[in-house]
Amino acid sequence: MDRTAQAPRVGDIVVISGHRVGEPGRTGEILELLGEPGHQHFRVRWDDGHESLFYPGSDATVRHSTHSRASTKGKR
Amino acid sequence: MTTKAAPESLVQQLERASIAYELIDHPRTTSAAAEARTLGLDPHEVAKTVVLVTPDGFVRAVLPASERLDLRKVRAILDTRDTQLATEEVLAGAYPDFELGAVPPLAGAGGDRVLVDRRLCENEWVVLEAGTHEQSLRLRTADLVELSGARLADLSQD
C-alpha cells in the first residue's frame, strides 16, 4: 500500500488502480480498521455495494476524506 | 452466526505475498454457482477448484463456475490417461485445513500442480472459495496464477 503521511481512518477511501489499459480501478470506503500496524487491514464497502475485509497490496492507496474519523469502530 | 473463516495457512500465504486481496463473508454455499448467486456475481467471475488424482500427485484444476471440466483435455495436458477426480475420502485426508468441497488453488498440501482455465484470465479479478463454504477470496487473476505457479490451459468442455 502506498504509505501516505496520514494513517488510514474510518471514512477514508481505498483506491485500487487497474493493471491493464482501460481497466477501471476500484474504490471503497473504510468502515473499520483492523489488525496491528504493519498488518493492518480494513472492512471496506466497495462502490458496487458489497463489503469485505480488504488486505491492501502495493497498488492500493488511501485517499483521506474530510469526513474520516480516527475511530476503529465500524460505521453502521 | 459466526462465519467459518479462511484457514490460517491460506491467509499466511497471501500475507507473505504482499498482494491485495479480500475475504468476503457470505451465507454457506456448497457450489461455486451458488456462491456466485449469493455474492451477486456472474458465474464466469467465480472460480471452482477441482482436485484430480494423478500418478504424479494431486492436480488442482481451476475453472469458471459457469464451465464444466473436460477430463479428456486435462488428461491430454498432463499427458496421462490415469487422471481421476479425487473422492471425498481422499480430499478429507489430503486437505484437512479446508472444508470438503472448498479446496482453494492456494495453500494446503505442498507440491500440488495447478492448472488455471484461460477463460478466467479474461477478468482482472477472480473470486473463489477460501477453504470454507462461508467465506470467499477475491484476488487478481494474475496474482492467483503467479502465487500458485499455475499453468494456463483450456480445461472446459466445448
(message) B:Pro96 - would you say it is out of contact with any strand residue (DSSP E or B) (no Cβ under 9 Å at 6 or more places or on another chain) and of a type outside the set (D, E, K, R)?
(response) yes
(request) Take region A:33-65 and flag every residue that is out of contact with any strand residue (DSSP E or B) (no Cβ under 9 Å at 6 or more places or on another chain) and within 19 Å of B:Trp125 (Cα to Cα). (result) A:Gly49, A:Ser58
(request) Please state which of the following conditions B:Ala5 fails to meet, knowing it meets all the rest: (1) within 14 Å of another protein chain (Cβ to nearest Cβ); (2) out of contact with any Ser or Thr (no Cβ under 9 Å at 6 or more places or on another chain). (result) (2)
(message) Looking at the structure I just gave you, is B:Ala36 buried (at least 17 other Cβ atoms within 10 Å of the Cβ), under 15 Å from the mean Cα position of the chain (by Cα), within 14 Å of another protein chain (Cβ to nearest Cβ) and closer than 14 Å to A:His50 by Cβ?
(response) yes
(message) Of everything in region B:20-47, what is polar (S, T, N, Q) and within 27 Å of A:Leu34 (Cβ to Cβ)? Give them in sequence order.
(response) B:Thr29, B:Thr38
(request) Could you please let me know if B:Glu22 is charged (D, E, K, R), outside any helix (DSSP H, G or I), crowded, with 16+ Cβ neighbours inside 10 Å and within 14 Å of chain A (Cβ to nearest Cβ)? (result) yes
(request) Determine if region B:120-130 includes at least one residue that is more than 14 Å from chain A (Cβ to nearest Cβ) and more than 21 Å from B:Ala5 (Cβ to Cβ). (result) yes
(request) Only residues that are under 23 Å from B:His26 (Cβ atoms), surrounded by 13 or more Cβ atoms within 10 Å (Cβ to Cβ) and free of Cβ contacts under 8 Å to residues at least 60 places away in the same chain: list them for region B:93-104, please. (result) B:Tyr95, B:Ala102, B:Val103
(request) State all residues of region B:67-82 that are part of a loop (DSSP other than H, G, I, E, B) and either at pLDDT below 95 or closer than 23 Å to B:Gly110 by Cβ (or both); if no residue qualifies, say none. (result) B:Asp79, B:Thr80, B:Arg81, B:Asp82
(request) Just name the residue that is nearest to the other protein chains (Cβ to nearest Cβ) out of those in region A:28-46 that are more than 19 Å from B:Leu137 (Cβ to Cβ) and loosely packed, with under 13 Cβ neighbours inside 10 Å. (result) A:Gly38
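The values are calculated or read from the model by the stated rules, or taken from the named source; none is laboratory data. All figures in this text were calculated on a predicted structure; none of them were measured in a lab. Methodologically, a virtual Cβ is constructed for each residue, glycine included, from the backbone with ideal geometry; neighbour enumeration extends over all protein chains shown.
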